[in-house]
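The block underneath contains the structure these notes are about, expressed in structure tokens.
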Amino acid sequence: MQDDKEKLLQQIMESGKPQQNAPTITDQEDFTAYKILYSGLKKETEGGFSLSFKSKVLRQIGLEKARRNDIKLYVIAGIVIIIGLIFMTAIVFFHADAISKYADVIIKIVVFLVSALLCLTVFHYFEEKYLKLEK
Amino acid sequence: MIDEKEIIPRIIKGDIKAFSLLFDEYQNLVFHVAKRMIQNDADVEDVCQDVFIKIYKNIGSFAFKSKLSTWVAQITYSTSIDYLKKNRRHYIEFVSDDDKDYQTDDHSPADLLEQKDLSRYLNEIISELPSPYRLVITLFHLEEFSIQEIGDVTGMPEGTIKNYLFRARKLMKDKIKLYLRNDHAGR
């Protein structure tokens with residue numbers, strides 16, 4: 001019974017026309033309390049973000065964007081290096097005799113490319129760690 | 001009001017200005033949901049920061065099947081829940097049928113009466129409600145989400161949401177009634 005009365009009162013409040021229904025309500029105290037409650041619930045909570053919050057978030061988003069761009073760059077660099085390595089291996093494999101006199105140079109290039117790939121990976125790993133720490 | 005269909009592709013392309021517009025539009029929603037769930041001011045900003053970063057990272061997966069506000073609230077809700085679980089803070093996932101278990105602390109309305117501030121008192125009693133009550137009340141009344149949208153955000157069945165709304169309002173109404181009685185008695 002009590003719950004039915006409460007439900008009815010809440011329905012009246014939700015209808016947005018409590019004034020029209022007010023005279024039919026016997027429990028004026030409950031009605032007034034609900035009226036205060038419903039208008040109070042529409043008011044925003046106290047406080048809000050600190051002034052620097054937006055810039056903090058946008059800075060993080062900027063870092064995230066830069067990280068995505070870096071990843072794209074690393075992927076492209078990685079693909080280029082791998083294609084280069086495959087290409088050179090093929091040349092060495094199919095033209096071993098002709099290439100033999102350039103072997104030293106080729107080995108140096110291969111070592112350079114592999115080192116570059118390794119450096120990029122290590123750099124990326126530590127950058128990720130740094131970004132996580134900064135968060 | 002931002003045009004979601006125009007702004008989302010811009011954010012996906014990495015336009016920070018577009019994201020700034022989205023931030024302005026939804027900062028209150030994110031703050032209200034996180035604040036009502038976490039309550040501790042110091043932690044709320046950390047969680048909200050995570051929420052906005054998640055929004056940026058995952059905006060590409062938004063399929064326009066719901067309102068963007070529902071999706072944003074969903075991310076805020078799940079991030080807040082994760083945070084509460086991780087920090088092992090008090091979180092009541094299911095609310096008992098007996099509201100007597102959740103009567104608000106009677107640090108009496110009389111104390112607060114001295115402040116003569118009904119809206120502060122209202123915030124006080126909201127903060128003392130169980131977490132799911134606070135959440136549905138905030139989404140329904142403050143953010144004007146429909147019951148279905150609240151269901152999309154929280155995963156709660158419609159009947160549960162209606163029940164939580166009803167019981168939360170009743171609890172708060174009883175407190176306000178007491179407040180008013182004491183207020184009149186004090187005059």
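The values are calculated or read from the model by the stated rules, or taken from the named source; none is laboratory data. Worth saying up front: this structure is predicted, and the values here are computed from it rather than measured. Please note: Cβ atoms are built from the backbone with ideal geometry, for glycine as well, and neighbour counts cover all protein chains shown.
Kindly list the number of the only condition in (1) surrounded by fewer than 12 Cβ atoms within 10 Å (Cβ to Cβ); (2) within 24 Å of B:Phe52 (Cβ to Cβ) that fails for A:Val57.
Looking at each condition in turn, A:Val57 falls short on (1).
List the number of the failed condition for A:Cys119; all other conditions in (1) closer than 30 Å to B:Ile16 by Cβ; (2) surrounded by 13 or more Cβ atoms within 10 Å (Cβ to Cβ) hold.
That leaves (2) as the condition not met.
So, in the range A:36-75, of the ones that are more than 7 Å from chain B (Cβ to nearest Cβ) and touching a residue at least 24 places away in the same chain (Cβ under 8 Å), which residue ends up farthest from B:Ala18 (Cα to Cα)?
Selected residue: A:Tyr38.
Give the range B:100-159 a look and list any residue that's at pLDDT 85 or above and assigned to a loop (DSSP other than H, G, I, E, B), or say none.
B:Glu128, B:Leu129, B:Pro130, B:Glu143, B:Glu144, B:Phe145, B:Ser146, B:Gly155, B:Met156, B:Pro157
Given the structure, is B:Met37 among the hydrophobic types (A, V, I, L, M, F, W, C), crowded, with 19+ Cβ neighbours inside 10 Å and either modelled with pLDDT under 90 or assigned by TED's automatic domain parsing to the domain that holds B:Val153 (or both)?
Details: among the hydrophobic types (A, V, I, L, M, F, W, C): yes; crowded, with 19+ Cβ neighbours inside 10 Å: yes; either modelled with pLDDT under 90 or assigned by TED's automatic domain parsing to the domain that holds B:Val153 (or both): yes.
Yes; evaluated as a whole, the condition is true for this residue.
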